[in-house]
Amino acid sequence: MSSSTQTHARTSLALTRRLRRLRQSETLRAMVRETRLSPAMFVLPLFVCEGKGVRREVESMPGVHQLSVDEAVKEALAAKADGVKSVLLFGLPDQKDDIGSAAYDPEAPVQSAIRAIKRAAPDVLVVTDVCLCEYTDHGHCGIVMDEEIVNDATVEQLVRAAVSHAAAGADIVAPSDMMDGRVGAIRRALDERGFEKVAIMSYAAKYCSAFYGPFRDAAGSAPKFGDRRTHQMDPANGREALREVEQDIAEGADIVMVKPALAYLDVIARVKDTFGYPTAAYQVSGEYAMLKAAARNGWIDEPRAMLECLTSIHRAGADIIITYYAREAARALRT
């Protein structure tokens, strides 16, 4: 027996457990796969603007468009055909002011889109972003006094917006502003007005991230001065996220969210492990745009990278994934 054969024999005797055995074919790999994506967990963000027949691509987000209400309905129906039955609406009003009053205008793009989507496809789940940054002329998430966002006055405006979304037929309202106490105030207002069935998906741990840049192109929500560090979370903090989530759950949140997703997989895991609550994660515009840019340069295999990123978010603990890739991913999962 040669020395190499003897070495192989000794190794074979030593390895009673061979982890590669279950990786030998796609069928076998699929059988033991721990994390399985499904279109049912995806939520597709839509940016709804004024007008008719508008479908304007966002330069920094290839494949993402600003849509008039009629086009948003078409996109929601197309997503449903792909297996994605949940959308998240953001509004782009023509007129803005310093208090974001268009956020609760019953004829604004979001409210109009809720009604139109529900007429066309009642089984599509409509989630609405509740924030003022798209509606204020200064681009901040609330009412500004002396260049500072005033918390409680902002919450009053957020309540008005959330109630108007519920009145239009939204299934879930999603406050994204990070003001203290807004979940409880919205819950009380919804219940008092007979909207107790409308759920709240709270952006509970939303970080002041560098990955939001392309979104601000899409939503026209870049602040004209300063930044959002006084209300969005410091990226260095993990334990604080647990306090934020705990508070929002106590105030009545039905679903809690971590945003962004990929740079905060550890936070997603800690939130899920600590609370066991329905947990969402937002694969944000910068995460999407990076993959698109790398793919366009031929640096990555986009379909594989897309599914790998989404799988990592679900593996970390997210039950719900908000992603601009929702339709592409759903189609890829069918093949």
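The values are calculated or read from the model by the stated rules, or taken from the named source; none is laboratory data. Keep in mind the model is a prediction, meaning the values are calculated, not measured. Methodologically, a virtual Cβ is constructed for each residue, glycine included, from the backbone with ideal geometry; neighbour enumeration extends over all protein chains shown. To get the accessible areas, we keep the full protein, side chains included, count just its heavy atoms, and leave off ligands, DNA and RNA. Shrake-Rupley method; radii C 1.70, N 1.55, O 1.52, S 1.80 Å.
Any idea which of (1) in contact with a Ser or Thr (Cβ under 6 Å, 6 or more places away or on another chain); (2) part of a loop (DSSP other than H, G, I, E, B); (3) surrounded by 15 or more Cβ atoms within 10 Å (Cβ to Cβ) is the one Lys52 doesn't satisfy?
(3)
With the requirement that a residue be out of contact with any strand residue (DSSP E or B) (no Cβ under 8 Å at 6 or more places or on another chain), farther than 21 Å from Ile255 by Cα, open to solvent by less than 60 Å² (accessible area, probe 1.4 Å) and not charged (D, E, K, R), what does the range 294-332 give you?
Once the filter is applied, which keeps residues that are out of contact with any strand residue (DSSP E or B) (no Cβ under 8 Å at 6 or more places or on another chain), farther than 21 Å from Ile255 by Cα, open to solvent by less than 60 Å² (accessible area, probe 1.4 Å) and not charged (D, E, K, R), the range 294-332 yields Ala294, Ala295, Ala305, Met306, Leu307, Ala332.
Considering the range 188-212 alone, what residues qualify as being charged (D, E, K, R) and either farther than 18 Å from Gln247 by Cβ or buried (at least 23 other Cβ atoms within 10 Å of the Cβ) (or both)?
Filtering the range 188-212 for residues charged (D, E, K, R) gives 188, 191-193, 196-197, 206.
Asp191, Glu192, Arg193, Glu196, Lys197, Lys206 - these are the residues of the range 188-212 that are charged (D, E, K, R) and either farther than 18 Å from Gln247 by Cβ or buried (at least 23 other Cβ atoms within 10 Å of the Cβ) (or both).
Go through (1) among the small types (Gly, Ala, Ser); (2) part of a helix (DSSP H, G or I); (3) without any contact (Cβ under 8 Å) to a residue 24 or more places away in the chain one by one and return the number of the condition Gly298 breaks.
The single condition Gly298 does not satisfy is (2).
Name, by its number, the condition in (1) within 16 Å of the chain's Cα centre (by Cα); (2) open to solvent by 60 Å² or more (accessible area, probe 1.4 Å); (3) of a type in the set (D, E, K, R); (4) closer than 24 Å to Met61 by Cβ that does not hold for Asp254.
The failed condition is (4).
Got at least one residue in the range 182-199 being at pLDDT 90 or above and either polar (S, T, N, Q) or under 18 Å from Pro45 (Cα atoms) (or both)?
Checking the range 182-199: at least one residue is at pLDDT 90 or above and either polar (S, T, N, Q) or under 18 Å from Pro45 (Cα atoms) (or both).
Considering (1) under 30 Å from Glu71 (Cα atoms); (2) at pLDDT below 95, say which one Ser38 fails and leave the rest.
For Ser38, the exception is condition (2).
Please identify the pairs in which a residue from the range 262-289 that is in a helix (DSSP H, G or I) and of a type in the set (Asp, Glu) has its Cβ atom under 9 Å from the Cβ atom of a residue that is open to solvent by 50 Å² or more (accessible area, probe 1.4 Å) and at pLDDT below 95, counting only partners at least 6 apart or on another chain.
Going by the 9 Å Cβ cut-off, the qualifying pairs are Glu287/Phe211.
Can you run down the residue pairs with Cβ atoms below 8 Å, 6 or more apart or on separate chains, where the first is in the range 166-184 and on the phi > 0 side of the Ramachandran plot and the partner is among the hydrophobic types (A, V, I, L, M, F, W, C)?
Gly169/Ile114; Gly169/Val126; Met178/Cys141; Met178/Met233; Gly181/Val155
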